[in-house]
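Novice: Got a structure for you, written out below as structure tokens; questions coming shortly.
The values are calculated or read from the model by the stated rules, or taken from the named source; none is laboratory data. Predicted, not measured: the structure shown is a model, and the values here were computed from it. Ideal geometry is used to build each Cβ from the backbone, glycine not excepted, and the neighbour counts take in all protein chains shown. Accessible surface is based on the protein model in full, side chains and every heavy atom, while ligands, DNA and RNA are left aside. Shrake-Rupley method; radii C 1.70, N 1.55, O 1.52, S 1.80 Å.
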Amino acid sequence: MANQELISALDSNQEIQLVVTGRKSGQEISRPVWFVRDGDRMDLVPVTGTDSNWYKNVLKEPAIRVVAGSAQLTARATPVTDPARVGEILDMFRAKYGARDVAAYYPKPNVAVEVPLS
């Protein structure tokens, strides 16, 4: 079961802070990112897909931290490369943020990342 404080924070925010470990520096790097929640899972899409630095960092070190308001979660991110599944996640992004904004801000949506919330 997912943490209710985190679920409430996710449901009331449009973006989260994603904290990853730099693959070269080893330092924590924080980035604001859009997300969608689907039950006990959160999906993220790197803006520049496989070229995104935070995505490359997740490939090397999948342990991430998600901060939403005052709630946070440390979890293991799983890359999603199956085009059909990435398409489903993009459809959820379009429903939440609007097709025009997703098309404008995500020029290379070829991968996604799944984060378990429980």
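Novice: Does any residue in region 86-113 that is part of a helix (DSSP H, G or I) come within less than 7 Å, Cβ to Cβ, of a residue that is open to solvent by 30 Å² or more (accessible area, probe 1.4 Å) six or more places away or on a different chain, and which pairs are these?
Specialist: These pairs meet every condition: 86/109; 86/110; 90/109; 92/38; 93/34; 97/34; 102/94; 105/47.
Novice: Mind listing whichever residues of region 58-85 are within 23 Å of residue 3 (Cα to Cα), without any contact (Cβ under 8 Å) to a residue 24 or more places away in the chain and in a loop (DSSP other than H, G, I, E, B)?
Specialist: Matches in region 58-85: 62 only.
Novice: So, in region 24-47, of the ones that are part of a loop (DSSP other than H, G, I, E, B) and polar (S, T, N, Q), which residue ends up most open to solvent (accessible area, probe 1.4 Å)? Talk me through it step by step, then tell me what you get.
Specialist: Filtering region 24-47 down to residues part of a loop (DSSP other than H, G, I, E, B) leaves 24-27, 35, 39-40, 45-47.
After this cut, where a residue has to be polar (S, T, N, Q) as well, the list is 25, 27.
Values: 25: 72, 27: 118 Å².
Looking at the filtered set, the residue picked out is 27.
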